[in-house]
Every structure is written in structure tokens, then in C-alpha cells.
Amino acid sequence: VVGFYGFMAPAGTPKDVVAKLSDAFGQVMQSPDVKSRMVSQGADPAFLGADDFAKFLAAEMPRWADAVKKSGAKLD
């Protein structure tokens, strides 16, 4: 199991705003300082743009929902 971080915007956020935010996060992730700090903390820095991240989540969420359901895990 590999963890990840992602940023999301509220539903209905204009596409140009999402694109601008995605571009900004992409630039930050290219920063050598940011990359080295992440690696020093055990991360494997990678960046997915807004569309690719949406596809990633669409594929992963059902898989993990099924795993949780099968496990019988419950929120307290």
C-alpha cells in the first residue's frame, strides 16, 4: 500500500482555476528544494495534473471501498 497526497477543489470550481492551481502545484513539485525535502522524509515525489489525478482517484476509490467493505472495518 502506498500513500499519496493530493489537492482537491470544490465541485463546480471553474476549469481555468483548477488548471491554474494544477500548474502551480506542478511547478512547486519541480523545485529541487521541495523534491529533496520530500525524499529526505521518505517520499517518492511525483506529480499528476488535474485530469490524471481525477482518473487515478476514479480507479482507486472503488478498489479501496471494496477492500474496506470486505474487511468489515467500521468507523467508531
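The values are calculated or read from the model by the stated rules, or taken from the named source; none is laboratory data. This one's a predicted model, so the numbers in the text were calculated from it and none came from an experiment. Neighbour counts are summed over all protein chains in view; Cβ atoms, including those assigned to glycine, are modelled from backbone coordinates with ideal geometry.
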| If we scan the range 41-48, do we find a residue that is acidic (D, E), part of a helix (DSSP H, G or I) and either more than 11 Å from the chain's Cα centre (by Cα) or surrounded by fewer than 12 Cβ atoms within 10 Å (Cβ to Cβ) (or both)? | no
| task | For the range 6-27, state whether one or more residues are in contact (Cβ under 8 Å) with a residue 40 or more places away in the chain and under 16 Å from the mean Cα position of the chain (by Cα). | result | yes
| Out of all the residues in the range 21-32, is one or more loosely packed, with under 11 Cβ neighbours inside 10 Å and among the aliphatic types (A, V, I, L, M)? | no
| note | Exception for W64 within (1) out of contact with any helix residue (DSSP H, G or I) (no Cβ under 8 Å at 6 or more places or on another chain); (2) surrounded by 11 or more Cβ atoms within 10 Å (Cβ to Cβ); (3) of a type in the set (F, W, Y) falls at (2)
| message | Yes or no: the range 13-32 includes at least one residue that is among the hydrophobic types (A, V, I, L, M, F, W, C), in contact with a helix residue (DSSP H, G or I) (Cβ under 8 Å, 6 or more places away or on another chain) and not in a helix (DSSP H, G or I). | response | no
| task | Name the single residue, out of those in the range 1-20 being small (G, A, S) and either modelled with pLDDT of 95 or more or surrounded by 10 or more Cβ atoms within 10 Å (Cβ to Cβ) (or both), that is farthest from R63 (Cα to Cα). | result | A19
